[in-house]
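**Q** Pasting a structure below so you can have a look.
The values are calculated or read from the model by the stated rules, or taken from the named source; none is laboratory data. Since the model is a prediction, treat every value here as computed from it, not as a measurement. Neighbour counts run over all protein chains shown; Cβ positions are idealised from the backbone, glycine included.
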Amino acid sequence: MRKPIVLGNWKLNGTPAASDALVASILAGMASLDAVDIGVCPPCVLIPQAVHQTTGTHLAVGAQNCSEFVTGAYTGEVSADMLREVGCRYVLVGHSERRALFGETNEIAARKVHIALKSGLTPVLCVGETLEERESGQMNTVVEGQIQAVLNEVGIELFARLVIAYEPIWAIGTGLTATPAQAQAMHAMIRGVLGAQSPAVARAVRIQYGGSVKADNAAQLFAEPDIDGGLIGGASLKAEDFLVICRAAADSSR
Ligand code: 13P
């Protein structure tokens, strides 16, 4: 049985005061949500205060990105080791916004996954296709390629320590959600790619769905057998909505 995991990706949103209030509200509503792993990924500069606020609680903190380098003359970068040392548990890698806007290739994402694993973080590998790729029938090839690049870099055994987030790009921030059947089909495809190398790893890896997950559609998505929670953008900025989504994930594990 895989424990569902729900993470809030705050993207470029939040101030110290807003972060403080949001984390406090999430903590206040989390009491009976032990059946789901929950985390928030604030902008980098807000991570230390979120870690401080959540110490000793069941709410984890993650980062939205890390450098592909360990140390050195890389102005503006933040390393996986630094994130780990300030108390992060997760790091998102290869989010479609980083791929599309910041030139992150499959190979760069693979190196980041490797470096995150070495530092003791749990990488959340984000994969997903554009609308054009879906409509031209290339979606499985594209997502398989994104997975394969990481397999080539770290190998199947280390893959057991990853979380995967399937986020169809056309569903991110658009209000368009993949249907539960569309998402389930892709999650099963991803599990199949891993299963060809290790059925045990394929069974163990958690695959989140992301892309316009809201309080009112989370339960249907999480009811699918290969969907193990969600990576939440916009709806993670409202504690009330985020908690409903976490509750849906907890209920799906029963
Ligand atoms: P939305 O939930 O706002 O569509 O964002 C999804 C996402 O990109 C999470 O990483």
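Table: residues versus (1) at negative phi; (2) among the aliphatic types (A, V, I, L, M); (3) in contact with a Gly (Cβ under 6 Å, 6 or more places away or on another chain); (4) modelled with pLDDT under 95.
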site	(1), (2), (3), (4)
GLU144	yes, no, no, no
LEU151	yes, yes, no, no
VAL154	yes, yes, no, no
LEU162	yes, yes, no, no
ALA165	yes, yes, yes, no
THR174	yes, no, no, yes
PRO180	yes, no, no, no
ALA183	yes, yes, no, no
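**Q** Check whether at least one residue in the range 118-140 is within 30 Å of VAL86 (Cα to Cα), charged (D, E, K, R) and touching a residue at least 60 places away in the same chain (Cβ under 8 Å), and report yes or no.
**A** no
**Q** Identify, by number, the condition in (1) closer than 30 Å to ALA28 by Cβ; (2) crowded, with 23+ Cβ neighbours inside 10 Å; (3) of a type in the set (Ser, Thr, Tyr) that SER212 doesn't meet.
**A** So SER212 meets the others, but not (2).
Residue by residue, here is whether (1) aliphatic (A, V, I, L, M); (2) closer than 25 Å to PRO4 by Cβ; (3) under 15 Å from the mean Cα position of the chain (by Cα) holds:
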{"site": "SER25", "(1), (2), (3)": "no, yes, no"}
{"site": "PRO42", "(1), (2), (3)": "no, yes, yes"}
{"site": "GLN49", "(1), (2), (3)": "no, no, no"}
{"site": "THR54", "(1), (2), (3)": "no, yes, no"}
{"site": "ALA63", "(1), (2), (3)": "yes, yes, yes"}
{"site": "PHE69", "(1), (2), (3)": "no, no, no"}
{"site": "SER79", "(1), (2), (3)": "no, no, no"}
{"site": "ARG84", "(1), (2), (3)": "no, yes, no"}
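**Q** Moving to a separate point now. Report every pair of residues separated by at least 6 positions or lying on different chains whose Cβ atoms are under 7 Å apart, first residue within the range 90-116 and farther than 20 Å from TYR209 by Cα, second within 12 Å of the ligand (Cβ to nearest atom).
**A** GLU104/GLY94; GLU104/ARG98; LYS112/VAL93; ALA116/VAL93
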